[in-house]
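Okay, so here's the structure we're looking at.
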């Protein structure tokens, strides 16, 4: 009986190729939208994960000021080098600690200049930031201590100032400071936030404080933890020490902020997941609309084909056979539409992932779900028109013009 | 009258019997008796013409004979089975296995080839593709359209379309062929061809034919003429060829 219904349904759909395609359009778009969004969304989530991992997931950032909300801090007294030294001495489980003072400065070489970020830090900076020196060397402890005029530059700065020349051993000027380029950082690319992580110059912290900033301030302390230590315990220890050093009373809130990369990672991936979820919901709505489109066309088709249904009933088709035929037509339409939608979606996602520079992550689950959903849309929205067709009175149907 | 009919009259049980069949539509004041009590007996092999003005009840009677409709009261026995007691689906099965229909408006499926149209009742009978093709081709051959198998109704003349419809009706070798003004949409030449076809089906295959017609020329092909008036049978007479 199902074989017969399939045969009859296919004959009917083949007779109305154009109408069949138009009916499928809603489902095609719905399925394609859901799959594209979910595929790109999981690509973006994976990318965020990879970028955060490249930052080092065991990284803590201690910044000045109270956290007021996303990206906002209130002003407060800066850290000193002694704060970093105290943390290094008193907190267990730290692998490296890098106090950082930084600011925006124009770097000049010959007649080229480039506005970049200059960070003064210790040699631990390269470890903590997970950004090693690719060519040349980083500064030595001795150079750091005496505030030598040396710098390590990022690939973007090297390209802007030196073009194709080798920057090593050349001297660049940062405000009044003339320093020798002793190393070139490994390229790291864009950060999750979209900033260029290769656009920076690193010089010894004391050099920065004396020659550029003219004070003893440290804006940021970057800390990397040893593996297998409890992040929360380390954070609590750091907060305790910093509160004491900054003379905060019990009732006062922290005027500094200890942020952990895992938190940032979780925040970012939950953002992409929320976006994916919302866009999928939009896709699901269009799937639903596609289903209603199928119901609409099937209802029109029942009216249009009333006489045909009358003929079928007159020559002895059972109610269930007519019902099944119309149901199979709807399911064939919707699942074939789903199939086209899947092919279209995978092609689109592949193309878009290249354009948006997001990895293409094939999500088998959503493909299967979208297909099953489109098929069940056919069953659900096809049932009502099919029942209407099956219950027609053959005499009335035959008389229908 | 053929010898077969004589034999049928005497020996075989009747094909169908109507006992006091009525059909009413509507309720209360709008109540209308389409059939006011019909008694009728049809024997296998008969060729019956049904005549009468519109509204006389002949179409209602055809619907009941065709098991498309159930009587309001009275008894319809088809091959001894009381059709009034059957469900909608049982009546559909009865149509599928014992009845064939030919309509005034042909009622073929559009954009469907002649062969596929003729195959349709066989699909519902659950025949395999090979048997379907063989029987449908034979039926088209019998109505003289073997060269038009792949033509759709739009590509056929009215007379040819009616032949396809007749092929579809006889492909299942029904016991009873019901024809509702089969020549109503055709010119006299095509009408005569169709009547000759129906006559040969009746004579050669022994299929009982009941045909509604308004034209006495067409009724002349039958061997029994029943005239309806006001929901009752006005006359029922044998008709010599």
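The values are calculated or read from the model by the stated rules, or taken from the named source; none is laboratory data. All figures in this text were calculated on a predicted structure; none of them were measured in a lab. Note that we place each Cβ from the backbone using ideal geometry, even for glycine, and neighbour counts take in every protein chain shown.
The table below gives the values:
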{"item": "Members of the range A:339-358 found to be surrounded by 14 or more Cβ atoms within 10 Å (Cβ to Cβ) and not in a helix (DSSP H, G or I), listed by number", "result": "A:358"}
{"item": "Only listed residue being in a helix (DSSP H, G or I), within 14 Å of another protein chain (Cβ to nearest Cβ) and free of Cβ contacts under 8 Å to residues at least 40 places away in the same chain, chosen from A:13, A:21, A:7", "result": "A:7"}
{"item": "Test: residue in the range A:199-214 that is surrounded by fewer than 15 Cβ atoms within 10 Å (Cβ to Cβ) and closer than 20 Å to residue A:156 by Cβ", "result": "no"}
{"item": "Residue in the range A:248-256 that is at pLDDT 85 or above, out of contact with any strand residue (DSSP E or B) (no Cβ under 6 Å at 6 or more places or on another chain), in a helix (DSSP H, G or I) and more than 16 Å from residue A:51 (Cβ to Cβ) present", "result": "no"}
{"item": "Residues located in the range B:24-39, provided they are over 12 Å from residue B:76 (Cα atoms) and crowded, with 17+ Cβ neighbours inside 10 Å", "result": "B:33, B:34, B:35"}
{"item": "Per-region count, the range A:83-101, residues in a helix (DSSP H, G or I), farther than 15 Å from residue A:128 by Cβ and in contact (Cβ under 8 Å) with a residue 24 or more places away in the chain", "result": "3"}
{"item": "Residue check, residue B:80 away from chain A (no Cβ under 14 Å), modelled with pLDDT under 95 and within 20 Å of residue B:219 (Cβ to Cβ)", "result": "no"}
{"item": "Lone qualifier among A:229, A:223 - being under 30 Å from residue A:44 (Cα atoms) and either out of contact with any strand residue (DSSP E or B) (no Cβ under 9 Å at 6 or more places or on another chain) or in a loop (DSSP other than H, G, I, E, B) (or both)", "result": "A:229"}
{"item": "Filtered residue count, the range A:160-191, keeping only those that are closer than 30 Å to residue A:53 by Cβ and surrounded by fewer than 16 Cβ atoms within 10 Å (Cβ to Cβ)", "result": "5"}
{"item": "Top-ranked residue in the range A:301-320 [being more than 18 Å from residue B:117 (Cβ to Cβ) and buried (at least 17 other Cβ atoms within 10 Å of the Cβ); ranked as modelled with the lowest pLDDT]", "result": "A:301"}
{"item": "Helices (runs of 4 or more DSSP H) wholly inside the range B:116-209 that include at least 2 residues being crowded, with 20+ Cβ neighbours inside 10 Å and within 14 Å of another protein chain (Cβ to nearest Cβ)", "result": "B:129-142, B:158-170"}
{"item": "Failed item, numbered, when residue B:97 is tested on (1) surrounded by fewer than 16 Cβ atoms within 10 Å (Cβ to Cβ); (2) in a loop (DSSP other than H, G, I, E, B); (3) within 14 Å of chain A (Cβ to nearest Cβ)", "result": "(2)"}
{"item": "Residue in the range A:188-200 that is more than 17 Å from residue A:62 (Cα to Cα) and at pLDDT 90 or above present", "result": "yes"}
{"item": "Residue check for residue A:315: in contact with a helix residue (DSSP H, G or I) (Cβ under 8 Å, 6 or more places away or on another chain) and either more than 14 Å from chain B (Cβ to nearest Cβ) or touching a residue at least 12 places away in the same chain (Cβ under 8 Å) (or both)", "result": "no"}
{"item": "Verdict on residue B:218 being within 20 Å of residue B:51 (Cα to Cα), buried (at least 23 other Cβ atoms within 10 Å of the Cβ) and modelled with pLDDT under 95", "result": "yes"}
{"item": "Given (1) part of a strand (DSSP E or B); (2) within 14 Å of another protein chain (Cβ to nearest Cβ); (3) under 16 Å from the mean Cα position of the chain (by Cα), index of the condition residue B:61 fails", "result": "(1)"}
{"item": "Sole exception among (1) under 30 Å from residue A:135 (Cβ atoms); (2) assigned to a helix (DSSP H, G or I); (3) out of contact with any helix residue (DSSP H, G or I) (no Cβ under 9 Å at 6 or more places or on another chain) for residue A:178, by number", "result": "(2)"}
{"item": "Those residues of the range A:293-309 which are in contact (Cβ under 8 Å) with a residue 60 or more places away in the chain and more than 12 Å from chain B (Cβ to nearest Cβ), in sequence order", "result": "A:293, A:294, A:295, A:297, A:298, A:299, A:301, A:302"}
{"item": "Selection status of residue B:42, in contact (Cβ under 8 Å) with a residue 40 or more places away in the chain and either surrounded by fewer than 22 Cβ atoms within 10 Å (Cβ to Cβ) or under 14 Å from residue B:168 (Cα atoms) (or both)", "result": "yes"}
{"item": "Residues being at the interface with another protein chain (Cβ under 7 Å from one of its Cβ atoms) and assigned to a strand (DSSP E or B) - total across the range B:100-115", "result": "1"}
{"item": "Any hit, the range A:377-391, residues being exposed (fewer than 15 other Cβ atoms within 10 Å of the Cβ) and within 14 Å of chain B (Cβ to nearest Cβ)", "result": "yes"}
{"item": "Condition met for residue A:298 (assigned to a helix (DSSP H, G or I) and either crowded, with 24+ Cβ neighbours inside 10 Å or touching a helix residue (DSSP H, G or I) at 6+ places or on another chain (Cβ under 8 Å) (or both))", "result": "yes"}
{"item": "Unmet requirement for residue B:120, which otherwise passes all of (1) in contact with a helix residue (DSSP H, G or I) (Cβ under 6 Å, 6 or more places away or on another chain); (2) at pLDDT below 95", "result": "(1)"}
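Conditions (1) in a strand (DSSP E or B); (2) more than 20 Å from residue B:228 (Cβ to Cβ); (3) at pLDDT below 95, marked per residue:
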position: B:9; (1), (2), (3): no, yes, yes
position: B:29; (1), (2), (3): no, yes, yes
position: B:34; (1), (2), (3): yes, no, yes
position: B:37; (1), (2), (3): yes, no, yes
position: B:45; (1), (2), (3): no, yes, yes
position: B:68; (1), (2), (3): no, no, yes
position: B:89; (1), (2), (3): no, yes, yes
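Conditions tested, residue by residue: (1) farther than 30 Å from residue A:62 by Cβ; (2) away from chain B (no Cβ under 14 Å).
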residue	(1), (2)
A:269	no, yes
A:311	yes, no
A:329	yes, yes
A:337	yes, yes
